[in-house]
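A.B. asks: Questions regarding the structure given below will be posed in turn.
The numbers here are math on the coordinates, done by the rules we state, and not lab data. These numbers were taken from a predicted model, which means no experiment stands behind them. For neighbour counting, all protein chains shown are included, and Cβ atoms are generated from backbone atoms with ideal geometry for every residue, glycine included.
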Amino acid sequence: MSKPTGFLEIPRELPQKRDPKKRINDYHEVEGDVNVDITLKQATRCMDCGVPFCHHGCPLGNIIPDFNDAVYQGNWKLAYEILISTNNFPEFTGRICPAPCEAACVLGINKPPVAIEYIEKTIIEKAFQDGNAKPRVPSTRTGKKVAIIGSGPAGLAAAAQLNYAGHRVTVFERADEVGGLLRYGIPDFKLDKQVLDRRLNLMVEEGVQFQTHTAVGENCSIKQLREDFDAVLLCTGSTVPRDLFIPGRELKGVHFAMDFLMQQNRRVAGKKNQSEEIWATGKNVVVIGGGDTGSDCVGTSNRHGAKSVTQIEIMPKPPRERTADMPWPNWPMILRTSTSHEEGCERQWSIITKEFVADGNGNLAGIKIAEVQIHHLPGKPMSFEEVVGTEKVIPCEMALLAMGFLHTQKTLPEQLGLALDERGNIKSMGYQTSKENIFAAGDARRGQSLVVWAISEGREAARAVDRYLMQHTALEAKDVSLLSTCIS
């Protein structure tokens, strides 16, 4: 156990972030280098609970008290080995995860929780600095070949696990570079792409093969793919954005959030965009949608030099603290302020978007909005009622639709003859689709979710594929036995 009285003596502390006034002038990560001294102190706050609910909160089942204790003891190599046993990419989750583990921390019942996410980030950065993050090259090869379609977090996690199991793994990516959402969806000020490339270089050393500019079913034959590989795993993400079909949707200046973010990520990487450039510079920007993607649009718009940035959300403003209907250790739907919000943004809740208003030349000039009240009666779907007299038009030359994603692209599943569920995602039973040797994982299977869930999905799908190929598997699985015992 870490210091037994640590949680009583040491308050929660995180390093100071870069000055918002300075950081909006670049795309470097908001947080600087890790602070080992702060991390050591924070690890002492872990109480080594009899029932560590942080395991329950983490979709990966990270063995958090154990790596906290290793950090407290100064054994960074052991801390890394514990962490990497359950999480292939702690450098990603240590930067962009909302940390459901911290929401489930027992200390968090009446004190600020242990800074688990920051400890995780420090462990992996120390591992790379100290040379402990080495390629995990399999000792033997099985002779089996697996194709993974999509190189987002689910596809990469599955590739790492299946390669470690001894299979020959090829990852097919339709874009020009590997990474999926990590490459072109998440801004560099949250995840520097050098961090991604560092991990990909390790995976190449381990034996994983990557093939870019490859759209399976278009410039890559499905028939040939099925002939060349013993199993296929689809990790194509949830990429069909939710649209807003209101008057004026066709106006110039209304864009999907991901188109906006992808273009900027390409600019930061020194690449040209093939489609019409989307810039927020000098414009009144309205971001429609209150989630992480919307927040990323806020941060990017500020870096473009937008005249103003407003983020609107149809749901009511969340409370600042837990309420009776969101008890610990459940994930609380409370108000969260991102680093992008800190940089400047007006946020409005309980707002409905009624119309995109034109300037007379086919350009967006404003948005007609109104306040709404929510009616949520037991057993009935949620409904929204406009508040009479609240309608108004706010200036807006660029609107970004950040309302989430509906489901995966259907073309490839249909070409493969796969069944879809009622939401339009790939239907599966234990990650196995309606075709015996085709599997699915990540957002393509479960719908839009977190990066940490995608990694978990990729790992569990790898177990299913390995078991299918070898009739058994030794790959690690999330251990929920402790939680099951507690609940029962």
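A.B. asks: Treating only the Cβ of Lys, Arg, Asp and Glu as charged (+1, +1, -1, -1), what charge dipole size does the chain show about its Cα centre? Round to the nearest 20 debye.
C.D. replies: 260 debye
A.B. asks: Please give, to one decimal in nm, the separation of the simple spin-label points placed at ASP359 and ASP243, each 7 Å out from Cα toward the Cβ.
C.D. replies: 2.5 nm
A.B. asks: Can you give the alpha-carbon Rg of segment 383-488 over 2.2 N^0.38 Å, where N counts its residues?
C.D. replies: 1.57
A.B. asks: On to the next question. Mind counting lysine pairs for me in segment 6-130? Cα separation below 26 Å, and the two need to be 8 or more apart along the chain or on different chains.
C.D. replies: 13
A.B. asks: For segment 213-313, take N as its residue count and report Rg(C-alpha) divided by 2.2 N^0.38 Å.
C.D. replies: Rg over 2.2 N^0.38 Å, computed on Cα atoms: 1.41.
A.B. asks: Run the numbers on segment 406-479 and let me know its relative contact order in percent, using alpha-carbon pairs under 8 Å that are six or more apart.
C.D. replies: Numbers: 90 pairs, mean separation 16.9, N = 74.
Normalised by residue count, the contact order of segment 406-479 is 23 percent.
A.B. asks: Excluding same-chain residues fewer than 8 positions from LYS271, which lysines have a Cα within less than 20 Å of its Cα?
C.D. replies: Correct list for LYS271: LYS190, LYS193.
A.B. asks: Starting from the Cα-Cα distance between ASP228 and SER139, subtract it from 0.36 nm times their residue separation and give me the gain in nm to one decimal.
C.D. replies: 29.7 nm is the gain from fully extending ASP228 to SER139.
A.B. asks: Average the reciprocal distances over every distinct pair of alpha-carbons in segment 3-49, invert the result, and give the Kirkwood radius in Å. Walk me through the numbers on the way to the answer.
C.D. replies: Values: mean 1/r = 0.0798 Å⁻¹.
Every distinct Cα pair counted, the radius reaches 12.5 Å.
A.B. asks: For ILE10 and LYS435, calculate 0.36 nm times their separation in residues minus their Cα-Cα distance, and state this gained length in nm to one decimal. It would help to have the intermediate numbers written out before the result.
C.D. replies: Numbers: separation 425, 0.36 × 425 = 153.00 nm, distance 5.43 nm.
Full extension of this stretch gives 147.6 nm more.
A.B. asks: Going by amide H atoms built from the backbone, whose H comes under 5 Å of the H on LEU233, apart from near neighbours?
C.D. replies: The list, which skips near neighbours in sequence, is ALA147, ILE148, ILE149, PHE439.
A.B. asks: Using mean Cβ contacts within 10 Å as the protection proxy, how do 90-99, 387-396 order, highest first?
C.D. replies: For the peptides 90-99, 387-396, the packing ranking is 90-99, 387-396.
A.B. asks: So, one more: Quick one: which residues, 5 or more positions from GLN409 or on another chain, have an amide H under 5 Å from its amide H? H modelled 1.01 Å from N in the peptide plane, none for Pro or chain starts.
C.D. replies: Sorted by chain and number, the residues that satisfy this are THR239, VAL240.
A.B. asks: For Cα pairs less than 8 Å apart in space and 6+ apart in sequence, what is the mean separation divided by the residue count of segment 222-357, i.e. the relative contact order in percent?
C.D. replies: Value for segment 222-357: 24 percent.
A.B. asks: Would you give the gap between the C-alpha center of segment 364-385 and the C-alpha center of segment 164-242, rounded to a whole Å?
C.D. replies: Between the Cα centre of segment 364-385 and that of segment 164-242, the gap is 39 Å.
A.B. asks: Sum up the lysine pairs in segment 296-416 that clear both bars: alpha-carbon distance under 23 Å and a spacing of 8 or more or different chains.
C.D. replies: 10
A.B. asks: Right, here's the next one. What are the principal axis extents of the Cα atoms in segment 14-116, in Å, biggest first?
C.D. replies: Cα spread of segment 14-116 along its principal axes, largest to smallest: 46, 32, 25 Å.
A.B. asks: For the chain, count all C-alpha to C-alpha pairs, find those more than 28 Å apart, and express that count as a whole percent of the total.
C.D. replies: Cα-Cα pairs in the chain separated by more than 28 Å: 57 percent.
A.B. asks: Also: Run the helix sum for the chain: -39,500 (n - 2.57) per DSSP H stretch of 4+ residues, divided by residue count, reported at 222 nm to the nearest 500 deg cm²/dmol.
C.D. replies: -9500 deg cm²/dmol
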